[in-house]
Amino acid sequence: MDNSKKEVILSGIRPTGRLHYGNYFGALRHFINLQEQGQVCYYFIADYHALTTISEREDFYRQTLEMLRTYVACGLDPNKSVIYRQSDLPCTAELTLLLGMITNIGFLERGTTYKDKMNKLVEDNDLEGNPLSYGLLGYPVLMAADILIVRADKVPVGDDQRQHVEMAIDIAQRFNYRFGETLKVPAAVSREALRLPGLDGAAKMGKTEHNTLDLLDDPQSVLKKIKGVQTTTDPLPLDTDSNDPDVIIPRMPTSLGVLYRLLSLLAPEDVYLDFLSKYRRGEKFYGTLKTTLAKYVSEFNAPIIERYNEPGNNDEFIISFLRENAKKVTPVALETVETCRQAMGIGHSIYRA
Ligand code: TYM
């Protein structure tokens, strides 16, 4: 591909535990596609961001390495993509500080993650001293710094991160307005971005919600988890001839919706359509739906588990490519920070010169 036509892609995932199907279909599969298209890809593990929720200090570093092993097992290639740890690029923290100077508190208080946590405290009458951290309020500024520091054109994320990317766009535009065209403004998140529901029927599959199907789940756990999905609800009339999962699934009870969404992502189209016509006819078929889906999920997981366990995919390998890739992203990032310092009037860093 002609280098001038290449796009700069950036995205990250917090090391909160094992990767789940929401992470994969919302984000990772796009990471891999873009990598294979030959774009300039920066993918990182957001360990600074995870500090807003992490409580198990001992597990933190281990979880970070395990997530990276899973990245590799899924097909991310440290020779094709620059894969690094957020904290190995500490100038991100400097850019966060600079961006923080032009970001209003009121703007950050409208962030849904912060707002939801705040509402929960109000509901529980637990607001004394406002126990929410400065880090949580500033989460979108750190995320903007991640994106803007490599001059990303595109940020592949799931639908739940849409608002954060919009906030990054807003912060970049505000910076450019105040200090002149300095930062690259990334594109908005694509309209097709996915939000995979949880196995418990909640609107979102998420680690903290304990409702995930994981890429490293073995066939037994897959079957157990899928069998546990509630299907006692009667099907709702679909009122449409469309077979498009985006049209159909919101019309189903949510726990059935997650099964159909997964089927549409993993099974051949005729299998998905066959189960859809059973649904339309109101047949009792949930037992076979679940065992069929469990089979496809386990088949999908098998090669990932195999590559995860390959002897070469070990800590030594991970640490060596992290070192190499941190060296690749650092000059790009430092250049952005220096440009911002100049634009804001601080001037170049003397010790870096
Ligand atoms: P995180 O770690 O919560 O999730 C990582 C990626 O997985 C996607 N995702 C989902 N997509 C669809 N359905 C779901 N149920 C689902 N659950 C998770 C997320 O949308 C995300 O793309 N703040 C980010 C990490 C981050 C980041 C960044 C991302 C930090 N800096 C800069 C992009 C650019 C986060 O917490 O993702």
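Just a few scattered comments:
- Taking all protein chains into account, the per residue accessible area for the chain stands at 50 Å² (1.4 Å probe).
- Measuring nothing but how far apart in sequence close Cα pairs (under 8 Å, 6+ apart) lie, relative to its length, the chain scores a relative contact order of 22 percent.
- Span from the segment 105-163 Cα centroid across to the segment 164-205 one, whole angstrom: 12
- The chain - share of DSSP beta bridges that are antiparallel (%, nearest 5): 10
- Rolling a 1.4 Å probe over the protein heavy atoms of the chain, with every protein chain left in place, gives an accessible area that is 51 percent carbon and sulfur.
- Calculated mean residue ellipticity at 222 nm for the chain: -16000 deg cm²/dmol, from DSSP H runs with n ≥ 4 weighted as -39500 (n - 2.57), summed, divided by the residue count and rounded to 500.
- Value of D in µm² per second that Stokes-Einstein yields for segment 143-228, Kirkwood Rh from Cα pairs, at 10 °C (1.306 mPa s): 104
- Segment 70-189 shape via C-alpha gyration tensor axes, a/c threshold 1.5: oblate
The values are calculated or read from the model by the stated rules, or taken from the named source; none is laboratory data. Just so you know, these numbers come straight off a predicted model, no measurement behind them. SASA here: full protein model, heavy atoms, side chains in, ligands and nucleic acids out. Shrake-Rupley method; radii C 1.70, N 1.55, O 1.52, S 1.80 Å.
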